[in-house]
Amino acid sequence: MQVFLGLGSNVGDREGYLRKAVAAIGKLERSWVRRASSIYETEPWGKRDQDPFLNQVVEVDTKLGPQELLVACQRIEKDLGRDNRERWGPRTIDIDILIYSDVVIEDENLRVPHRLLSERRFVLVPLTELSPTVSVPGLGKTVREVLESCSDRGRVELYESRG
């Protein structure tokens with residue numbers, strides 16, 4: 001299955017956490033990282049009184065089911081020190097399943113495509129960089145079309161690596 005994961009970090013070595021997360025995703029059973037977008041520095045979304053984020057999107061081929069992938073991503077977050085105490089708060093790493101093939105899922109613990117995908121420019125910009133013509137399941141639009149109609153005007157700038 002072709003899957004797109006959104007990654008974000010705004011605590012500590014933000015770039016390092018993204019690198020570690022991509023490496024850990026690449027080591028998941030029956031999964032392969034195909035490509036990773038550029039890294040973007042972005043304004044916080046939802047809870048604005050915190051440090052800027054680094055965001056990236058990773059394209060993965062996986063044979064893991066959606067729930068298995070969710071559990072694996074949550075394990076990676078925990079291993080990298082993710083603290084879930086505050087909704088939309090600061091975090092070492094956040095990994096969201098944005099798109100899982102052409103599947104629409106609406107479970108209590110997993111919604112795919114990600115329920116806020118169309119409202120988050122910080123995810124849509126790197127996702128469009130990777131696959132502008134991929135269809136967003138349930139929306140009948142391509143990723144590029146969703147970005148073009150996104151009302152979020154938050155800052156999303158290409159990040160220059162310091163390492």
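Readers should treat all values here as calculations from the given coordinates under stated rules, not as data from a laboratory. As the structure is a computational prediction, the values presented were derived from the model and not from experiment. In this analysis, Cβ positions are derived from the backbone assuming ideal geometry, glycine residues included, and neighbour counts consider all displayed protein chains.
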Exercise for review: Determine the relative contact order of region 2-158: mean sequence separation of Cα pairs under 8 Å and six or more apart, normalised by residue count, in whole percent.
Suggested key: 29 percent
Point to revise | the chain, helix-only ellipticity at 222 nm - DSSP H runs n ≥ 4, -39,500 (n - 2.57), divided by all residues, nearest 500 | key: -8000 deg cm²/dmol
Exercise for review: Treat the count of other C-beta atoms within 10 Å as a stand-in for reagent exposure and order Val103, Val134, Val123 from fewest to most.
Suggested key: Val103, Val134, Val123
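Would you check region 2-158 for Lys pairs whose C-alpha atoms are within less than 25 Å, ignoring same-chain pairs closer than 8 in sequence, and give me the count?
So the count works out to 7.
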Study note, to complete from the structure: The computed P(r) of region 95-155 puts the percent of Cα pairs beyond 20 Å at 19 percent
Review point. By the scheme Lys and Arg +1, Asp and Glu -1, what is the net charge of all other residues having a beta-carbon under 13 Å from that of Ser151?
Key: 0
Revision key, fill the gap. Cα pairs beyond 25 Å in region 2-158, in percent, come to 22 percent
Point to revise | Cβ-placed point charges (K, R +1; D, E -1), dipole of region 1-153 about Cα centre in debye, nearest 20 | key: 180 debye
